[in-house]
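Read through the structure below, which is laid out as structure tokens, and then see the notes.
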Amino acid sequence: MDDHKVGNARILEWQELKEKERSQQEERLMESVYRLEPAYWVGVKLLESGLYGAFCFHEGSNVKRRVASAAFLLDEQEFLLVILKDENNVLHHMKSVPGDDDEMEEKLETVFEGILKQGQRNVEEMEKYLMDMEREIVGGKTSRNRNRSIFECKRLLTVWKNDYVQFLNMIEGINRLEDKKSETKGRILNEGASCYFRIYENKLRHMTEEIQFLYEELVHIREALDAALSYEQNRIMKLFTTVTTIFMPLSLIAGWYGMNFEGMPELHWQHGYGFVSALSLLVLLICFWFFKKKKLC
């Protein structure tokens, strides 16, 4: 694979960086990667000649498995990024950087905006999915299997939140280190790049707030599902109670006339069976009318 040299922005693969003849800055980046171990550390660190940073992203809802990670060196003259791991092409957009005539902030925008756009796309898809789920629950389409779907969404949002909050912390760290450097009358970034990172920080913060909002919305959906399931159970219990109450007088009549005492007037009456049948039907209709009037069935 060829080195993606584009003015003052370069993107390399980790294997490529190890095998090529390295410049001084590339050697410094490689040493930082070995020393700080991006597999376990993410953030940003101030070096003598610039900023070193590392970030990562996880697979779906698996908080333990990283599918993408990268590290970079950034100063006023050059932005050098090495892709350490990219199993699902999470960082593939970074290889398409602008041409030589573009400014540093435009190159940074191409590299970092892809991460932001992917996150925003995920948030929009999740928002639509949750809205459809809530609409179905309100419409009465309840299922206990939805608890599993809600749990999976919760895990996914948690992973997104952790990944993008860490990424936001890295961008905030770049801005804080730049402020610290400017206080000592020194600069790491040019004015355009410094301005871009401040704008990018606000965009990332807004997206993390949206993820938090979806997480809270998921809690409301879970409560709505529990309420819908409880309502359905109460409706079924109400129906069973009503049916039982309607047939209780019939059980009393059956028990009363099932005693077969010799002194019972209806025992030898030729219309006794018809009388008890008519009485049972009358009691049934009266009970049904009463419960209907009270809107209990």
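The values are calculated or read from the model by the stated rules, or taken from the named source; none is laboratory data. What you see is a predicted model, and the numbers here were worked out from it, not measured in a lab. Using ideal geometry, Cβ is built from the backbone for each residue, glycine included, and neighbour counts are taken over all protein chains shown. Accessible surface areas use protein heavy atoms only, side chains included; no ligands, DNA or RNA. Shrake-Rupley method; radii C 1.70, N 1.55, O 1.52, S 1.80 Å.
Structural remarks
- Number of residues in region 139-181 that are under 11 Å from the mean Cα position of the chain (by Cα), free of Cβ contacts under 8 Å to residues at least 12 places away in the same chain and open to solvent by less than 60 Å² (accessible area, probe 1.4 Å): the value is 0.
- Boolean, residue 222 is assigned to a helix (DSSP H, G or I), among the basic types (Lys, Arg) and exposed (fewer than 11 other Cβ atoms within 10 Å of the Cβ): no
- Members of region 205-241 found to be more than 27 Å from residue 132 (Cβ to Cβ) and in contact with a helix residue (DSSP H, G or I) (Cβ under 9 Å, 6 or more places away or on another chain), listed by number: 205
Yes/no per residue for (1) in a helix (DSSP H, G or I); (2) modelled with pLDDT under 75; (3) touching a Cys at 6+ places or on another chain (Cβ under 9 Å); (4) among the charged types (D, E, K, R):
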residue	(1), (2), (3), (4)
113	yes, no, no, yes
141	no, no, no, yes
157	yes, no, no, no
172	yes, no, no, yes
202	yes, no, no, no
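Condition check ((1) exposed (fewer than 11 other Cβ atoms within 10 Å of the Cβ); (2) among the hydrophobic types (A, V, I, L, M, F, W, C)) across all residues:
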site	(1), (2)
232	no, no
238	no, no
257	no, no
262	yes, no
265	yes, no
268	yes, no
271	yes, no
288	no, yes
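- Within region 206-219, residues that are within 17 Å of residue 155 (Cβ to Cβ) and among the hydrophobic types (A, V, I, L, M, F, W, C) have Cβ atoms under 8 Å from residues that are in a helix (DSSP H, G or I) and open to solvent by 70 Å² or more (accessible area, probe 1.4 Å) in these pairs: 211/161; 214/127; 218/154, counting only partners at least 6 apart in sequence or on another chain.
- Scanning region 159-182 for residues that are hydrophobic (A, V, I, L, M, F, W, C) and within 14 Å of residue 112 (Cβ to Cβ) turns up 167, 168, 170, 171, 174.
- Only a single criterion out of (1) at pLDDT below 85; (2) in contact with a strand residue (DSSP E or B) (Cβ under 6 Å, 6 or more places away or on another chain); (3) of a type outside the set (Asp, Glu); (4) within 27 Å of residue 214 (Cα to Cα) is not satisfied by residue 94, namely (4).
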